[in-house]
Amino acid sequence: MRSRPGIALAELITALMLTGIVAGALFAMIRTQTRLVSNTIERTGQADALRVASLVISGETRALAPADIRAVGADSLAVRIFRGTGIVCASDSGVAHVRYRGLRQPDTDKDSVLIADTEEVRPLDGVTGSASSCASAGELDITVHTPGERLLPGTVLLVFESGAYYFSTRALRFRRGGEGRQPITDERLDDATTGFLMAGDVFRAHVALRVPSRQAADLETASVVFPALNR
Amino acid sequence: MNTAGRQNGFVIAVTLMVMLLLELLAAGMLLLAIQERSIANARRDAGNAAARAESAIARQVGSWMDADHFSMRTGAVRSDRTDSVTVTIERLRGDLFLLTGEAPLQPSEPSSGSARASLLLRAFDAELLLRQLNGALVASSHIQLLGSTVVDGIPEQHACEGPAGEAAIATPFPQDVAISSAVELEGRPTVLLDTVPREPATRTGGLTFDELAGLTPRLQSTTITPAPTAIDGRCAVSAFGNWGAPLDRQHPCAGYFPFIPVDGDLVITGGAGQGFLLVNGNLTIRDGAVFHGLVVAVGTLVIDGATVNGAIYTRSASPVLVLDGTIRLDPCAIANALFAARPLRRPLFPPARMWLPTH
């Protein structure tokens, strides 16, 4: 067999080198892109948690009166949470026909009634459908039982439940009575630096998010002030 | 080198795969960015709409005195639409108004959803007070009528929205009415056993004395001779003792019907005035004084040689003494006192809560 002069080895080495360089560059680019996407998703999730937390808290507290705030702790906020508003159309002793608008129907197991202009609180003894029809669009006709009391037509009833919001285990959570703390946001918050603060008549929630970073101490914080309308 | 033959390379395939992967990653990020942008836009629109609804309600409150909401009947509803925001004003009760503002999330698209805000306002309830007036002299205590006193519960004309009855005297204790022989009583009946439900003595037209007295400058205990005052042909409403001109229809103050809250005792000696006199103490009207309108007194009432056209309503167990006085039921004088007094149209914010949660 005659030896032939060739460049196969050199070609192979060159090809391998070029392939390695190109593959390395591609891998670096893909890894960078993947990390970028991952960071973006993480930050989007954090923004979502912050947004949900501030929306829920501001939505629940904007129309609260001072008497509705039971307690403000470093990590908790116990308040009346309003679920609907009713206006008495007619009443007999202990039974009021009400036009009602709310997030849900009143629930005798957990709701009470606040009479808006007098601030008197009554237990909600019973709720049934009403044969009367005084509701306008978007409202329901219901009958509210308030034993031993005759409510004047036109009286405004605020249906509420008592509950507490917590910043706990990296999420905003809600608990009513003896229930567990149900998460409202994803678990992305920083427990140590997230909390509530009541300064004078200004209510503030300080929400901290741990930002994905090489620096373990990096936090992205948002301090949300909730200006209550009924100061 | 021969390149004309078929080559089995993979570079194109790898390049396409890598490009596809990169494009997928970029598309995912773009999608996230679009979602975030639309969420931010929605939140901005919701915040703006809520602020517009609240502002529209605040504007209605600001122009409340110029609008004639005070004349709305209980249960009446009015709507006002300005700049795509609708404010509905509903008189829920005589003393309670509900204002609801509704603003579309996007003003150019009414069907884009809306944000709402609701505000409660309290107001003086003139109808509630009128329902409790069922005679020229309404009292819940011992009444003594002496001398040539005249108490007339039958109005001369019915042109105005009037009280609930036409008795000369309405009292839950008719047996406590002492009448001397020269006294003239006219009414249907002359002395009525009063069973009308009354609001607590601490409230008048649904409001406390302090709430009512907060609507306009109040008088402290004093002795006064009211007389109309005009400057440059215009009624000087801020002049002390100017309570309108009930006896001179041509006077610039003829159409001035003040609301006069008095924190303490008041003695009126002569003079003439009109309007709504609310005395949180003892009241004496004497020496030929003339008053047209409604007199509400919490303490002792003495009328000595004076005239009241309208009605007198005493709120406590303190006695009433009328000596040579004249009390005539006058629905128009009462209506002027209650509906023409501008301070009584002022809205009041409920002390604990005015903004309501909306759903």
Of the residues in segment B:15-43, those that are over 20 Å from A:Arg43 (Cα atoms), facing chain A (nearest Cβ under 8 Å) and β-branched (Val, Ile, Thr) come to B:Val18
For the structure I just gave you, tell me whether B:Ser79 is among the polar types (S, T, N, Q), under 20 Å from B:Pro110 (Cα atoms) and in contact with a strand residue (DSSP E or B) (Cβ under 7 Å, 6 or more places away or on another chain).
yes
Just to be sure before I move on: is B:Asp80 assigned to a loop (DSSP other than H, G, I, E, B) and out of contact with any Leu (no Cβ under 9 Å at 6 or more places or on another chain) in the structure I sent?
no
Meets criteria (under 16 Å from the mean Cα position of the chain (by Cα), surrounded by fewer than 16 Cβ atoms within 10 Å (Cβ to Cβ) and in contact (Cβ under 8 Å) with a residue 40 or more places away in the chain) for A:Arg188
no
May I ask you to say which residue of B:Leu301, B:Leu356, B:Leu348 is away from chain A (no Cβ under 14 Å) and among the aliphatic types (A, V, I, L, M)?
B:Leu301
If you check A:Thr32 against the conditions, is it of a type in the set (S, T, N, Q), more than 21 Å from B:Arg37 (Cβ to Cβ) and modelled with pLDDT under 85?
no
Of these, B:Ile303, B:Ile260, which one is at pLDDT 95 or above, surrounded by 16 or more Cβ atoms within 10 Å (Cβ to Cβ) and farther than 26 Å from B:Pro347 by Cα?
B:Ile303
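Quick grid of which residues meet (1) of a type in the set (Phe, Trp, Tyr); (2) within 10 Å of another protein chain (Cβ to nearest Cβ); (3) surrounded by fewer than 16 Cβ atoms within 10 Å (Cβ to Cβ); (4) within 18 Å of A:Phe167 (Cβ to Cβ):
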| position | (1), (2), (3), (4) |
| --- | --- |
| A:Met17 | no, no, yes, no |
| A:Met29 | no, yes, yes, no |
| A:Ala47 | no, yes, no, yes |
| A:Arg62 | no, yes, no, no |
| A:Val72 | no, no, no, yes |
| A:Ser76 | no, no, no, yes |
| A:Gly86 | no, no, no, no |
| A:Asp92 | no, no, yes, no |
| A:Val98 | no, no, no, no |
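Residue by residue through segment A:49-60, note down the ones that are surrounded by fewer than 20 Cβ atoms within 10 Å (Cβ to Cβ) and either under 14 Å from A:Phe167 (Cβ atoms) or more than 8 Å from chain B (Cβ to nearest Cβ) (or both). Explain how you work it out, then say what you get.
So the first thing to find is which residues in segment A:49-60 are surrounded by fewer than 20 Cβ atoms within 10 Å (Cβ to Cβ), and the list is A:51-52, A:54-56, A:58-59.
Of everything in segment A:49-60, those that are surrounded by fewer than 20 Cβ atoms within 10 Å (Cβ to Cβ) and either under 14 Å from A:Phe167 (Cβ atoms) or more than 8 Å from chain B (Cβ to nearest Cβ) (or both) turn out to be A:Val52, A:Ser54, A:Val56, A:Ser58, A:Gly59.
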If a residue has to be more than 14 Å from every other protein chain (Cβ to nearest Cβ) and of a type in the set (Gly, Ala, Ser) to count, how many in segment B:44-99 make the cut?
6
Can A:Arg35 be described as surrounded by fewer than 15 Cβ atoms within 10 Å (Cβ to Cβ), outside any loop (DSSP other than H, G, I, E, B) and either more than 9 Å from chain B (Cβ to nearest Cβ) or of a type in the set (Val, Ile, Thr) (or both)?
yes
Looking only at segment A:140-163, filter to residues that are part of a loop (DSSP other than H, G, I, E, B) and at pLDDT 85 or above; which one of those is farthest from the other protein chains (Cβ to nearest Cβ)?
A:Leu151
Residues being surrounded by 24 or more Cβ atoms within 10 Å (Cβ to Cβ) and either among the small types (Gly, Ala, Ser) or more than 24 Å from the chain's Cα centre (by Cα) (or both): count how many of those fall in segment B:267-290.
6
Top-ranked residue in segment B:87-99 [being in a strand (DSSP E or B) and in contact with a helix residue (DSSP H, G or I) (Cβ under 8 Å, 6 or more places away or on another chain); ranked as surrounded by the fewest Cβ atoms within 10 Å (Cβ to Cβ)]
B:Ile89
Would you confirm, using the coordinates I've provided, whether B:Val61 is out of contact with any Cys (no Cβ under 8 Å at 6 or more places or on another chain) and not in a strand (DSSP E or B)?
yes
Flagged in segment B:209-253 as of a type in the set (S, T, N, Q) and loosely packed, with under 13 Cβ neighbours inside 10 Å, in numbering order, are B:Gln220, B:Thr223, B:Ser238, B:Gln250
Determine which single condition A:Ile13 fails, assuming it passes every other condition in (1) within 12 Å of another protein chain (Cβ to nearest Cβ); (2) more than 30 Å from A:Thr185 (Cβ to Cβ).
(1)
So, of the residues in segment A:118-139 that are more than 29 Å from the chain's Cα centre (by Cα) and buried (at least 17 other Cβ atoms within 10 Å of the Cβ), which turns out to be modelled with the highest pLDDT?
A:Ala135
For segment B:103-115, give me each residue that is surrounded by fewer than 18 Cβ atoms within 10 Å (Cβ to Cβ) and in contact with a helix residue (DSSP H, G or I) (Cβ under 9 Å, 6 or more places away or on another chain).
B:Gln106, B:Pro107, B:Ser112, B:Gly113
Given the condition in contact with a Ser or Thr (Cβ under 9 Å, 6 or more places away or on another chain), of a type in the set (A, V, I, L, M, F, W, C) and under 30 Å from A:Thr193 (Cα atoms), answer yes or no: does some residue in segment A:28-43 qualify?
no
So how many residues does segment B:176-197 have that are part of a loop (DSSP other than H, G, I, E, B) and either modelled with pLDDT of 90 or more or not aliphatic (A, V, I, L, M) (or both)?
10
Filter segment A:108-119 for residues that are assigned to a loop (DSSP other than H, G, I, E, B), touching a Lys or Arg at 6+ places or on another chain (Cβ under 8 Å) and more than 20 Å from B:Ser118 (Cα to Cα); which is farthest from the other protein chains (Cβ to nearest Cβ)?
A:Lys110
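Return the residues of segment B:157-176 that are over 26 Å from the mean Cα position of the chain (by Cα) and either without any contact (Cβ under 8 Å) to a residue 24 or more places away in the chain or crowded, with 19+ Cβ neighbours inside 10 Å (or both); say none if nothing qualifies.
B:Glu166, B:Ala167, B:Ala168, B:Ile169, B:Ala170, B:Thr171, B:Pro174, B:Gln175
The values are calculated or read from the model by the stated rules, or taken from the named source; none is laboratory data. Predicted, not measured: the structure shown is a model, and the values here were computed from it. All Cβ positions, glycine included, derive from the backbone under ideal geometry; neighbour counts span all protein chains shown.
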